[in-house]
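Read through the structure below, which is laid out as structure tokens, and then see the notes.
The values are calculated or read from the model by the stated rules, or taken from the named source; none is laboratory data. Here the structure is a predicted model, which means the values were calculated and not measured. Ideal geometry is used to build each Cβ from the backbone, glycine not excepted, and the neighbour counts take in all protein chains shown. Remember, those area values only see protein heavy atoms, side chains included, never the ligands or the DNA or RNA. Shrake-Rupley method; radii C 1.70, N 1.55, O 1.52, S 1.80 Å.
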Amino acid sequence: MNGVINVCKNLGMTSFDVVAKVRKVAKEKKVGHTGTLDPQAWGVLPVCLGKATKIIDYIMENKKTYRVSFKLGVTTDTYDLEGKILSEVDASHIKKEQVLECISKFIGAIEQVPPMYSALKKNGVRLYELARQGIEVEREARKILIYSIENINIDLPNISMDVTCSKGTYIRSLCYDIGKTLNVGATMTALCRIANGNFIIDNSVKIDELTEHNIKEYLISIEDALSTFDKVVINSNFTKLLINGVKVFDKRLYIEPIEKNILFRVYDNKGRFLGLGRREEEGFKIEKLLLEE
């Protein structure tokens, strides 16, 4: 069974729980998810089956959109309600205008320090394992991109908003950083991933609704799962070279000129989907071959 299922993960489940359930229902050994969603969060978790596991990394590069709620005046060691309360302060002096101005500063390219309670590794040990031992280590800030923050609802001390961001963004850390900037602290109270690229929550299937009888109805083809990538059509005379891993530097390759260093869905002019490829200085190459035999 090859394809992607747009699963809606339940609260309390781990991403591995979802993979295990899909593997059992589909009777497919090769199954993988496209980016961990914490147990206390719910929402979109695309799951790849069979040959579609080849495109996991590409789906993970998609923009993500989250609907998050957080509370000002409270901080915890996990940055959410699962953790130990570290501080509680009066945030009643904070005004709506201050919150909006503060949030606006986090839109764009920013640096973010990951939380201690995360699956990142330090010297081969996951940070959350160190945190559970009461050990806090220095974490390097990472560059992320917040594309937009919309639908902001402020009912102080509670705030909710929709955040569209790049891979590697910790929404818990974003809430924490907003609270820190306002000098009152904040902790996340709820989180839902409402979109991962073209996988949206309105088109997702609840994990409990998947059965061995209906699972194929929800299977999205590898080609359709990559629809966020632009399409390029190449001359079929070069198909054999490309699928054999050869870089082609020939102006006759392209039906229409394309930009350099951008990943495209590649089709030949016979309509066959070949995979993902990009044009570089040395020529055009298929980066991930996905041609169906």
Query raised in the report: Rounded to the nearest whole Å², what accessible area per residue is found for the chain with the 1.4 Å probe?
Result: 53
Report summary line: Non-local residues with an amide H under 5 Å from the amide H of R142, with H modelled 1.01 Å from N and Pro and chain starts lacking one, are Q112, V113
Report summary line: Heavy-atom accessible area of S204, protein chains in place, probe 1.4 angstrom, given in Å² to nearest 10, is 30
Report task. Under 17 Å from a label point 7 Å along Cα→Cβ of Q40: give me every residue in region 153-168 with its amide N that close. Result -> 158-161
Query - Share, in percent, of DSSP beta bridges within region 231-289 that are antiparallel, nearest 5 - result: 75
**Report entry** Cut-off under 5 Å, modelled amide H: who pairs with G185 long-range
**Finding:** G73, K180
Requested in this report: Starting from the Cα of Y147, step 7 Å toward the Cβ, then list every residue of region 89-125 with an amide N under 16 Å from that point.
Outcome: 107-110
Query raised in the report: Where both partners of a DSSP beta bridge lie in the chain, what percent of those bridges are antiparallel, to the nearest 5?
Result: 85
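Considering only protein heavy atoms, with the full assembly of protein chains and a 1.4 angstrom probe, order H213, H93, H33 by accessible area, largest first. All intermediate terms of the calculation are to be shown ahead of the outcome.
Numbers: H213 160, H93 105, H33 50 Å².
Accessible-area ranking of H213, H93, H33, largest first: H213, H93, H33.
Using a 1.4 angstrom probe on the protein heavy atoms only, line up R67, R126 by accessible area, largest first. Intermediate results must be reported in sequence, preceding the final value.
On the way: R67 125, R126 80 Å².
Result, largest first: R67, R126.
Could you give the size of the charge dipole of the chain about its Cα centre, using +1 on the Cβ of each K and R and -1 on the Cβ of each D and E, expressed in debye and rounded to the nearest 20?
Values: 43 positive and 39 negative charges, 183 e Å.
Roughly 880 debye for the chain.
Past the 25 Å Cα-Cα mark, which pairs from K95/K167; K24/K216; K24/K84?
On the way: K95/K167 31 Å; K24/K216 14 Å; K24/K84 36 Å.
Listed pairs above 25 Å: K95/K167; K24/K84.
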Report summary line: For region 12-20, in residue order, the Karplus 3J(HN,Hα) values (coefficients 6.51, -1.76, 1.60; θ = phi - 60°; whole Hz; Gly and Pro = x) are x, 8, 8, 5, 5, 4, 5, 4, 4
Report task. With a cut-off of 20 Å, note down the residues of region 265-285 whose backbone N falls inside the zone around a label point 7 Å from the Cα of I255 toward its beta carbon. Result -> 265-280, 284-285
Query - Entry for P(r) over Cα pairs in 10 Å bins from 0, in percent (calculated from the structure that is shown) out of [x] 6, 24, 27, 23, 14, 5, 1, 0; [y] 6, 21, 25, 22, 14, 8, 3, 1, 0; [z] 7, 30, 35, 21, 7, 1 - result: [x]
Report task. At a 1.4 Å probe radius, which order do S104, S92 fall into by accessible area, largest first? Result -> S92, S104
Report summary line: Reduced to Cα centres, the span from region 104-156 to region 173-214 in Å works out to 15
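Once a ≥ b ≥ c are taken as the square roots of the eigenvalues of the Cα gyration tensor of region 64-196, is the result rounded (a/c under 1.5), prolate (a/b larger than b/c) or oblate (a/b not larger than b/c)? Intermediate values should be presented prior to the final figure.
On the way: a/c = 1.87, a/b = 1.27, b/c = 1.47.
Verdict is oblate for region 64-196.
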Report task. Round to the nearest 10 and report in Å² the accessible area of K51, as given by a 1.4 Å probe over the protein chains' heavy atoms. Result -> 80
Query raised in the report: Just from its helices, what would the mean residue ellipticity at 222 nm be for the chain, if runs of 4 or more DSSP H residues each count -39500 (n - 2.57) and the sum is divided by every residue, rounded to the nearest 500 deg cm²/dmol?
Result: -4500 deg cm²/dmol
Query raised in the report: Given a 1.4 Å probe and the protein chains all in place, what does the accessible area of M1 round to, in Å² to the nearest 10?
Result: 60
Query - Estimated distance in nm for a label pair at N235 and L120, the labels positioned 7 Å out from Cα along Cα-to-Cβ - result: 4.8
